[in-house]
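Scroll down for the structure; my scribbles are underneath it.
The values are calculated or read from the model by the stated rules, or taken from the named source; none is laboratory data. Bear in mind that the values here come from a model prediction, so they are computed numbers and not experimental data. Reconstructed Cβ throughout: ideal geometry from the backbone, glycine too, with neighbour counts over all protein chains shown. To get the accessible areas, we keep the full protein, side chains included, count just its heavy atoms, and leave off ligands, DNA and RNA. Shrake-Rupley method; radii C 1.70, N 1.55, O 1.52, S 1.80 Å.
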Amino acid sequence: MQPTSFCLLMVYKTVKLWKVSERDKRPEGYNLKDEEGRLRDPATITTLRVPVLRPMDLMVEATPRRVFANAHTYHINSISVNSDYETYMSADDLRINLWNFEITNQSFNIVDIKPANMEELTEVITAAEFHPHHCNTFVYSSSKGTIRLCDMRASALCDRHTKCE
């Protein structure tokens, strides 16, 4: 059996989790199915067979696993998996949301730069990235050329950055 990988993809305002795997063997000798994959009548089964794995050409499969939707108003510009491998963040022009891989219908807003009056908008978020080792720390950049370092231990809503460069 080949290793399995997972891939996060952003599509418009939605994030999708895909399982990507490789197979180079196929099972043969089903008890409840014939060789074409059709179900057999259980009344006609008189013996049990032990299935075996036969070699086959390498096949790559991608299977959708989860859809994380309805949390962004604008196009998502970046996603970043946390070093805890339990959470990830997605960023659009004005907000950054924190997600748990097990919960598809709820996220937590950790950065919100949307002004009360959209005419006062002076910058947008261009990218966001978790620290590679410290799961509570992340950075995000803006269209003004600033990079802001945030620590989620200080506040659940990181609208006041720890450091700005």
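A few remarks follow.
- Any hit, region 5-16, residues being open to solvent by 60 Å² or more (accessible area, probe 1.4 Å), modelled with pLDDT of 90 or more and under 30 Å from Leu121 (Cβ atoms): yes
- First in region 34-62 and free of Cβ contacts under 8 Å to residues at least 12 places away in the same chain, second anywhere and surrounded by fewer than 10 Cβ atoms within 10 Å (Cβ to Cβ) and among the acidic types (Asp, Glu), Cβ under 7 Å, 6 or more apart: Arg40/Asp34
- Residue match in region 60-70 (condition: on the phi > 0 side of the Ramachandran plot and of a type in the set (S, T, N, Q)): yes
- Arg66 fulfils the conditions (1) under 21 Å from Tyr12 (Cβ atoms); (2) at pLDDT below 90 except for a single criterion, (2).
- Residues in region 131-155 that are over 22 Å from Lys114 (Cβ atoms) and of a type in the set (Val, Ile, Thr): Thr137 alone.
- Among (1) farther than 19 Å from Asn77 by Cα; (2) free of Cβ contacts under 8 Å to residues at least 12 places away in the same chain; (3) touching a strand residue (DSSP E or B) at 6+ places or on another chain (Cβ under 8 Å) - the single one Ser155 does not satisfy: (3)
Here's the yes/no breakdown for (1) open to solvent by 80 Å² or more (accessible area, probe 1.4 Å); (2) part of a loop (DSSP other than H, G, I, E, B); (3) closer than 30 Å to Ser90 by Cβ; (4) of a type in the set (Val, Ile, Thr):
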site	(1), (2), (3), (4)
Glu22	no, no, yes, no
Tyr30	yes, yes, no, no
Glu35	yes, yes, no, no
Arg54	yes, no, no, no
